[in-house]
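Visitor: Let me begin by handing over the structure; questions about it come next.
Quick note: the coordinates plus some simple rules give every number you see, no bench work behind them. No experiment lies behind these values; they were computed from the predicted model shown. Cβ placement follows ideal geometry from the backbone for every residue including glycine, while neighbour counts extend to all protein chains displayed.
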C-alpha cells in the first residue's frame, strides 16, 4: 500500500514530519511512503538514509496556515497538500496525511480527491477525549456548517464503519448530540435525524448530552459541524480555565507550592487526558479516498500514529465499505 | 410594586421559598409580595408573622418537575405557577418568580403572560459564570430551539437593555457565539445575524468563541437555544469531570490528602465560580411582563436575590424599555 504524506504541512514541518515518516517506513516495510514537498528541503533531513519504501515527490509550493483555504487549493496547484491529494485521486496513493491548514485540507478533499458518490457532505471526524482514554469519534466537527438531517444520517453510517474497521469495535454505539436525552428533544434537524437514525443500519442509542461525552456514553457522536465545534471549544475553554486557575492557586504560598509538587504528576495526566490533540489524526470521511488530518503540532509520534491508523483503514477497506453501505441502498 | 412568587415551585418549596419571601419583605417594605400557592401549606411556614406587605394568593394545584410543560399549563389552570402568571397578565403583579419546572414556566410565559408585541420568540437569559465573577448574560439558552437570524437580533437588543437597566452597564458589549472570530464564520444563521447585529442599536463586538466566554469577552452572548444549551452543558461536563477527577486524585494517598487539605478552600472557590446556579435568576425576555426563572435548588438567599433583581428591573422599566426599542421602529 502507498501513503502520501504532506511533508510541508504543520508546525514542525518538514523536520519532524520527515523523521516520523522515516520511522514509520522502518516499522512497516510493506508500506510505501510518498513524501510530498520540496526535495531540497526534504533530502537533507533524510541524512543519507534511502529506505527502499520512501520516495520523495517534489512539490514546489506550500499552503500556509493563514492562506484562504479554497483559493489556496485552487491557485496553488503545485502545493504539497494539493499534490498529495492528486496522488490519491489518481490512485497512486491509497491515503494522504497532512498536518497543514485544516480548511485547505478539507478543500483539497472536496476539490482534488473528490466527494464519494452518494455522499452530500464529507465530515471531519476527530476522536474526542474521554476519561477512560478510549475516546469518542465525533463527526462532523467543522467541515460542514449547515447540516441537514440526511447529512447526520450519513455521518452516523460513516462513523460507525470507521470505528468498526479502524478500531475493531463490533457494534459501535452511535449517539446524537442533543439538548436532552428524550426522543423528542432538540431542533428540527435533530428531531428529523433521530427518526432517520432509528431506521439506519447502525446501533443507535438515542440522544446524548454534551455533559456526558467525557464519560464515553457512546462510541460515535453525531452532530452538525456548528454545534460540534461549539461543544469542543466550550470543553476546551472550561478545561483551560480551570487548569490555569489551579496553576494560579498552587503558586500562591509555600504551602500551596508544596501541594502543587505533590499533585503535579496527577494534574499532568488529567490535563493530557482532556487534550484532544493527543488523540491522533482525524479522518475526513465521505471522500473518494482516505484523507487524514493530523494536528498542526504533530511530532514524530503523531506522524507514526497517523500512518498506523491509515494502514489499518486501508487494510480494512474503509473507503470501499463506506461506499458499499452508502450506495448499496 | 408587586411581585408574585410561586411558593410551590422548586426543590425546597414551599419552605425556603416562603422564608426567602419573608426576608425579602422585611428588607424592602415598599414591595408587596404575593405568595402564590396552597394556603394550608404556606400559612404554617409564616409562623404567625403577618407582614403588611406579604399576601397569600391561594392556588390549589402544583406543576411538578416531571409534568409535560405545555399540557400542564393548559390543564392545571389552578396551579401556583399559572396563577402567578395570571397576576402578571392582569397587572395585579409587576413580575413573577418561580423555581419550578423550566419548560412549564416558559409555557406560562407564552400562554398566560403573553408574548410582547413585535417579539417573535422569547428567550431564556441566564447569567453564565465568568472567572472574574461578573458573568455574561447568555440568550437564548433553551426557550427556542429553532432560531432565525431575526430572533438573534431581538435577543441582542433585549439582552443589551437588560444589562443596562438591571446591571447598570453603560454600553454592554454584545458578542455572537460562533465557531471563529472572523466576520464570515459560521452557519447561515450566524452569518445573517452578524449583518443584522452590525446595523442594530447595540454595541456589537463581533463573533466570540465558546472557549473565551469564561474570561468574559462580552457582556451579552447571543446564540440560538440549541447551540447555547450545548455550550453550557459542555462546560458543565468538562468542569464536573475535572473536579471529580481531582477529588479522586486527592484521595489517593496520605500525601495527596495533605495537598487536598491545603487546596480545599481554593478548589471550593473555583468550583463555585464555575457554577452557573450561583448566578441568580434568569429572566424570560420578550414577554408582556417580567418572568424570572430561579434555579430549581433555590434557597432563601436565591429567592431574596431574585426579588432584588426583579425590583431593579421594575424600577428601571425594563419591559417598557424593551417594548419601546422593539416597537419604536
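Visitor: With 24 Å as the cut-off, how large is the P(r) tail for region A:1-131, expressed as percent of Cα-Cα pairs?
Guide: Within region A:1-131, distances greater than 24 Å cover 28 percent of Cα pairs.
Visitor: In nm to one decimal, list the spacings between the residue B:301 label point and its equivalents in the other copies, with label points set 7 Å along Cα to Cβ, shortest first.
Guide: Result, one decimal in nm: 4.4.
Visitor: Under 1.5 on a/c is rounded, so check that first for chain B, then, if it is not, pick prolate when a/b is larger than b/c and oblate when it is not; a ≥ b ≥ c are the square roots of the alpha carbon gyration tensor eigenvalues.
Guide: Since a/c reaches 1.5 but b/c is at least a/b, the shape of chain B is classed as oblate.
Visitor: Per residue of chain A, what 222 nm ellipticity follows from adding -39500 (n - 2.57) for every DSSP H run with n ≥ 4, rounded to the nearest 500?
Guide: Helix-only estimate at 222 nm: -14500 deg cm²/dmol.
Visitor: Kindly identify region A:215-260 as rounded, prolate or oblate by the Cα gyration tensor criterion: order the square roots of the eigenvalues as a ≥ b ≥ c, call it rounded if a/c is under 1.5, otherwise compare a/b with b/c, prolate if a/b is larger, else oblate.
Guide: Oblate, because a/c is 1.5 or more while a/b does not exceed b/c.
Visitor: Below 8 Å between Cα atoms, with a sequence gap of 6+, how large is the relative contact order for chain A in percent?
Guide: 23
Visitor: With the cut-off at 1.5 for a/c, could you classify region B:54-201 from its C-alpha gyration tensor as rounded, prolate or oblate?
Guide: Cα axes put region B:54-201 in the prolate bin.
Visitor: Along Cα-to-Cβ, 7 Å out, sits the label point; list in nm, shortest first, how far the one on residue A:268 is from those in the other copies.
Guide: 3.1
Visitor: Find the relative contact order for region A:1-115 and round it to a whole percent, using C-alpha pairs within less than 8 Å whose residues are 6+ positions apart.
Guide: 33
Visitor: Using the number of other C-beta atoms within 10 angstrom as an exposure proxy, rank B:153, B:255 with the fewest first.
Guide: Going from least to most buried by this count: B:255, B:153.
Visitor: Follow-up question, since we're still on this one. Using Cβ counts within 10 Å as a stand-in for footprinting exposure, how do A:102, A:181, B:190 rank, fewest first?
Guide: Final ranking by Cβ density, sparse to dense: A:181, A:102, B:190.
Visitor: Every other copy gets compared here: list the nm distances from the residue A:248 label point (7 Å along Cα to Cβ) to its counterparts, shortest first, one decimal.
Guide: Sorted ascending, the copy-to-copy spacings read 2.8 nm.
Visitor: Expressed as a whole number of Å, what is the distance separating the alpha-carbon centroids of region A:145-210 and region A:295-316?
Guide: If you average the Cα positions of each part, the centres end up 26 Å apart.
Visitor: Same structure again: Treating each Cα of region A:178-297 as an identical point scatterer and ignoring solvent, apply the Debye formula and state log10 I(q)/I(0) at q = 0.11, 0.19, 0.22, 0.23 Å⁻¹.
Guide: At q = 0.11, 0.19, 0.22, 0.23 Å⁻¹ the computed log10 ratios are -0.56, -1.16, -1.34, -1.39.
Visitor: Which semi-axes, in whole Å and largest first, does the equivalent ellipsoid of the protein assembly as shown have when worked out from the alpha carbon gyration tensor as the square roots of 5 times its eigenvalues?
Guide: Gyration-tensor ellipsoid for the protein assembly as shown: 52, 27, 22 Å.
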